[in-house]
């Protein structure tokens, strides 16, 4: 249950930061998808999340 809450909160934060993150190419990685409901577009950053996790793991091992 805790992971579901974390996932939902992460998606809400991601949707708020989406215009800023698109400047860095995040949100357009294979595995990311968007759903349009009415006038609102919801982004689900599955591929970007994996990419950010791998970069974080690499930095943690390197440091």
Residues in the range 31-63 that are in a helix (DSSP H, G or I) and surrounded by 11 or more Cβ atoms within 10 Å (Cβ to Cβ): how many? 7
Using the structure shown, decide if residue 27 is within 10 Å of the chain's Cα centre (by Cα) and either at pLDDT 80 or above or part of a loop (DSSP other than H, G, I, E, B) (or both). yes
Quick check on the range 14-24. Is at least one of its residues over 11 Å from the mean Cα position of the chain (by Cα), exposed (fewer than 13 other Cβ atoms within 10 Å of the Cβ) and not in a helix (DSSP H, G or I)? no
Odd one out for residue 32, checked against (1) out of contact with any helix residue (DSSP H, G or I) (no Cβ under 7 Å at 6 or more places or on another chain); (2) at pLDDT 85 or above: (1)
As an exercise: evaluate residue 45 against (1) at pLDDT 85 or above; (2) under 11 Å from the mean Cα position of the chain (by Cα) and give the number of the one condition it does not meet. (1)
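The values are calculated or read from the model by the stated rules, or taken from the named source; none is laboratory data. Remember, predicted model here, so these are calculated numbers, not experimental data. We place every Cβ from the backbone using ideal geometry, glycine too, and count neighbours over all the protein chains shown.
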